[in-house]
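The values are calculated or read from the model by the stated rules, or taken from the named source; none is laboratory data. Treat the numbers as computed from the prediction; the structure is a model and nothing was measured. Note: ideal-geometry Cβ built from the backbone for every residue, glycine included; neighbour counts use all protein chains shown. Remember, those area values only see protein heavy atoms, side chains included, never the ligands or the DNA or RNA. Shrake-Rupley method; radii C 1.70, N 1.55, O 1.52, S 1.80 Å.
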Amino acid sequence: MFSKQCKSHLSDVNETALQHMLQALKVAVKLQLLVPVIIIHSVAPRYFTKTTTNVLQKILENRHELDNK
């Protein structure tokens, strides 16, 4: 069902296909929720001054933690 490249990637990140899908969907939802924040910040920079940076850093930290398991 999965190509060698897909299997290799799943092995590299030490996740099953379902785990990988759920992690990717979590990130996708978080990024989608950031879109309105970024739009508001673009027209009114005093709002959400660190929100996007903080969320992106948290996403990367979580990914790093998963990579080190």
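A few points about this structure:
- Where Leu34 falls short, out of the listed (1) in contact with a Ser or Thr (Cβ under 6 Å, 6 or more places away or on another chain); (2) on the phi > 0 side of the Ramachandran plot; (3) not basic (Lys, Arg): (2)
- Selection of region 5-28 for residues being open to solvent by 60 Å² or more (accessible area, probe 1.4 Å) and within 16 Å of the chain's Cα centre (by Cα) yields Leu18, Gln19, Met21, Leu22, Leu25, Lys26.
Here's the yes/no breakdown for (1) open to solvent by 70 Å² or more (accessible area, probe 1.4 Å); (2) under 21 Å from Asn68 (Cβ atoms):
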site	(1), (2)
Ser3	no, no
Lys30	yes, yes
Val37	no, no
Arg46	yes, no
Thr49	yes, no
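- In region 39-69, the residues that are part of a loop (DSSP other than H, G, I, E, B) and either modelled with pLDDT of 95 or more or in contact with a Pro (Cβ under 6 Å, 6 or more places away or on another chain) (or both): Ala44, Pro45, Arg46, Tyr47, Phe48, Thr49, Lys50
- Test: residue in region 16-29 that is part of a helix (DSSP H, G or I) and in contact with a His (Cβ under 7 Å, 6 or more places away or on another chain): no
- Test: residue in region 1-14 that is modelled with pLDDT of 95 or more, aromatic (Phe, Trp, Tyr) and outside any helix (DSSP H, G or I): no
- The C-beta contact set for region 26-45 (first residue in contact (Cβ under 8 Å) with a residue 12 or more places away in the chain, second residue open to solvent by 60 Å² or more (accessible area, probe 1.4 Å) and not β-branched (Val, Ile, Thr), distance under 7 angstrom, 6+ apart or interchain) comprises Val37/Phe48.
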